[in-house]
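> One structure is given below, represented as structure tokens, and several questions about it will come after.
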Ligand SMILES: Cc1ncc(COP(=O)(O)O)c(C=O)c1O
């Protein structure tokens, strides 16, 4: 048996008629950029998030730096995030011209550790960028408290957790803006790149709409800006898929529960931690080998057995060669949890269309490896 890491084509085939009809509507309309389908999807996505505004942009990285720029964050300012997120979180800070300050992650959730944030704050700190890593919300209540105390902005990197909620809070409820990615592998993914900013702040909405469109809000009238728009054809695909996102996230949760039940007796790995009261949407199902030296062996065994397991992310941002490439960056103390996560993580195949048989095959391979390890 071969178990793929992604189920994009299966997903397309399951709702082909809905996606094809929406795409045909765009093509027949003759409006492909900033057209009616984008407008429709932006309204649907704002409603889904319970927010006033959603602005479609070119990708999730742009969504972060456009939000930062719209909030006036740039050179001389510091943004606090953590080191074991996807590289783009820090990259967006650098694109905005600001300094990335990397703190450690929580050892259980792997999201930013709120207890590490206050020590990283300086007079230059402007924002905290928590990432809802792997599909689980960061501790936004604790982060909001710190932000209020120090008068900081909060921009949520929600590339991985559309449809998640925390224990007593929704994504977007405790921040200034939320940035999302629609790259194909995300829980809500288009057939290419895409992203969005979601906010209740009308000033951010207005600024991002101008910034994403060559600094223009009216034809032939421009100020400083960029070209970063979500194409209507992607909006069409996303509009069709949005109707299914909650059911798909339920399927991810069901397959994750199957992995967890099947693997709970394994002695040499740690399973994902779920914060009680939250909804983890398992963008990724990430296990860790208790001994980091054994990670590559398990990964190889899985890959050799036909299981396309991967790592997210095996090189933490500050460990990348050449870091920080002449950009402004600062490590706020040692980052042992982020480094251990990088050294020991393995992502098992996880997508809504993963079958029970496929999940069981993956479990069987991990258990066989586990059994073969000396006690
Ligand atoms: C946590 C995180 N932030 C930002 C991004 C950037 O999104 P994009 O690839 O759409 O630019 C991604 C995914 O790619 C991500 O996983």
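What follows draws every value from the coordinates through simple rules; no lab data is involved. Being a predicted model, the structure only gives us computed values, none of them experimental. Note that we place each Cβ from the backbone using ideal geometry, even for glycine, and neighbour counts take in every protein chain shown.
> Could you give the nm distance between label points at residue 372 and residue 20, where each point is 7 Å from its Cα heading toward the beta carbon?
It is 4.5 nm.
> Would you work out the relative contact order for region 8-133, in percent, from Cα pairs under 8 angstrom that are 6 or more residues apart?
On the way: 134 pairs, mean separation 24.6, N = 126.
RCO, region 8-133: 20 percent.
> Any idea what the relative contact order of the chain is, in percent, if you count C-alpha pairs under 8 Å spaced at least 6 apart? Let's see the in-between values first.
Numbers: 805 pairs, mean separation 89.0, N = 375.
Once divided by the residue count of the chain, the mean separation gives 24 percent.
> I've got another one for you. Can you give the direction-averaged projected area of the convex hull of the alpha-carbon atoms in region 182-291, in nm²? Don't skip to the answer; put the middle values down first.
Numbers: hull surface 42.2 nm².
For the Cα atoms of region 182-291, the hull's average projected area reads 10.6 nm².
> Okay, next question. Mean residue ellipticity at 222 nm from the helices of the chain, using -39,500 (n - 2.57) per DSSP H segment of n ≥ 4 over the full residue count, to the nearest 500 deg cm²/dmol? Walk me through the numbers before you get to the answer.
On the way: 12 runs with 140 residues, N = 375.
The helix contribution divided over the chain gives -11500 deg cm²/dmol.
> Further, regarding this structure: Treating each Cα of region 280-372 as an identical point scatterer and ignoring solvent, apply the Debye formula and state log10 I(q)/I(0) at q = 0.14, 0.16, 0.20 Å⁻¹.
So the normalised log intensities work out to -0.60, -0.74, -0.99.
> Shifting gears a bit: Rank-order 168-178, 35-45 by packing density, defined as the average count of other C-beta atoms within 10 Å over each peptide's residues, highest first.
For the peptides 168-178, 35-45, the packing ranking is 168-178, 35-45.
> Next up: Report, for the chain, the % of DSSP beta bridges that are antiparallel, rounded to 5.
On the way: 21 of 39 bridges.
Rounded to the nearest five, the antiparallel share is 55 percent.
> Shape of the chain from its Cα gyration tensor (a ≥ b ≥ c, root eigenvalues): rounded if a/c is under 1.5, otherwise prolate when a/b > b/c, or oblate? If you can, show how the numbers build up before the last one.
On the way: a/c = 1.98, a/b = 1.21, b/c = 1.63.
It comes out oblate by the Cα gyration axes.
> Which FRET efficiency value, to the nearest 0.05, do you get for residue 360 and residue 52 by plugging their Cβ-Cβ distance into 1/(1 + (r/R0)^6) with R0 = 56 Å? Could you put the intermediate results ahead of the total?
Numbers: r = 44 Å, r/R0 = 0.79.
Once rounded, the FRET efficiency stands at 0.80.
> Distance between the C-alpha centers of region 56-94 and region 299-375? Whole Å please.
Rounded to whole Å, the Cα centres lie 24 Å apart.
> How big is the convex hull of the Cα atoms of region 1-82, per residue, in Å³?
Details: hull volume 15.0 nm³, N = 82.
Hull volume normalised by residue count: 182 Å³.
> Also: Roughly what percent of Cα-Cα pairs across region 67-113 reach past 11 Å?
For region 67-113, the share of Cα pairs beyond 11 Å comes to 65 percent.
> Hey, another quick one. Report the relative contact order of region 141-229, percent, no decimals, based on alpha-carbon pairs under 8 angstrom and at least 6 residues apart.
18
> For region 216-375, just run the numbers: alpha carbon Rg, then divide by 2.2 N^0.38 Å, N being how many residues it has.
Numbers: Rg = 20.5 Å, N = 160, 2.2 N^0.38 = 15.1 Å.
Taking N as the residue count of region 216-375, the ratio is 1.36.
> With the cut-off at 1.5 for a/c, could you classify region 149-228 from its C-alpha gyration tensor as rounded, prolate or oblate?
Working: a/c = 2.97, a/b = 1.33, b/c = 2.23.
Cα axes put region 149-228 in the oblate bin.
> Once you have a ≥ b ≥ c as the square roots of the Cα gyration tensor eigenvalues for region 293-332, tell me rounded if a/c is under 1.5, and otherwise prolate or oblate according to whether a/b is larger than b/c. The partial results should precede the final answer.
On the way: a/c = 4.13, a/b = 3.22, b/c = 1.28.
In terms of gyration-tensor shape, prolate.
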